[in-house]
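Down below is the structure, laid out as structure tokens.
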Amino acid sequence: MSGYLSPVRPLAPPGVYAPQDDTDLLVGALSEEPLAPDADVLDVGTGAGALALAAARRGTRVTAVDVSWRAVWTARLNARLAGVPVRTRRGNLFAPVRGQSFDLILSNPPYVPTPAARTRPRGAARAWDAGEDGRLVLDRICREAPVVLRPGGVLLMVHSVLSNPDRTLGRLHDAGFRAAVTHRRRIPFGPVLRARADWLRQRGLVAADEKEELVVVRAELPC
């Protein structure tokens, strides 16, 4: 079951990542972030648009990006239903906003370690499958985020301890950020992790209790 709470639960048709506990954790972190009403916010990998909606409800100018056309249209529809303005763009991570800058970046990227034998993720699996170490997209975000953040800007990103938060912090520090884990939550395995639990145990990544810990990483670019 998802722990996601929202004034209006976004629609999530088949093939689009539905808001879950990781979404809920990141929405909570966003609620604690001081934001000017006219701040520019980027939601990278928006899925159904839950994070974009949460930011837009605070009066910020929000751009939501996803590689999936189905996700882009879903986020656009959800913003219309919620009555908040969200600009949606289709593309790979920061490519659709090249040349622009933002005060805040939100991201719930793919982060689940994936057996190498699996084929290239398609459909909904693009929202979670992230290579053998779970860092296929995480490392790119750490490397590329500074290009689109303004001085003093903040990156809020959620992922699992299975994909190595210490490495995330190290990559962000190397990129010039001040970074720390600010929120944590342990949750039972969902369907994706249950299906690959044996493989994860063989790699020493999980214990017998079949629970994972989610973390929110907050990284601030110095002024």
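General remarks:
- In region 189-223, the qualifying residues are those that are among the basic types (K, R) and in a strand (DSSP E or B), and the one that is surrounded by the fewest Cβ atoms within 10 Å (Cβ to Cβ) is K211.
- Close Cβ contacts (under 7 Å, 6 or more residues apart or on different chains) running from residues in region 86-99 that are within 19 Å of A50 (Cα to Cα) to residues that are part of a strand (DSSP E or B) and among the acidic types (D, E) comprise R90/D66.
- Of the listed requirements (1) closer than 17 Å to L155 by Cα; (2) β-branched (V, I, T); (3) part of a loop (DSSP other than H, G, I, E, B), V84 misses just one: (1).
- Restricting attention to region 135-183 and to residues that are outside any strand (DSSP E or B) and hydroxyl-bearing (S, T, Y), the residue that is nearest to V97 (Cα to Cα) turns out to be T168.
- Selection of region 193-223 for residues being touching a residue at least 24 places away in the same chain (Cβ under 8 Å) and small (G, A, S) yields only A219.
- Taking the listed residues R184, R203, the one that is over 22 Å from R140 (Cα atoms), among the charged types (D, E, K, R) and at pLDDT below 95 is R203, with no other qualifying.
- Exactly one residue out of A50, A71, A39 is in contact with a Phe, Trp or Tyr (Cβ under 9 Å, 6 or more places away or on another chain), over 28 Å from D129 (Cα atoms) and of a type outside the set (D, E): that is A39.
The values are calculated or read from the model by the stated rules, or taken from the named source; none is laboratory data. Here the structure is a predicted model, which means the values were calculated and not measured. Note that each Cβ is placed from the backbone with ideal geometry, even for glycine, and that neighbours are counted across all protein chains shown.
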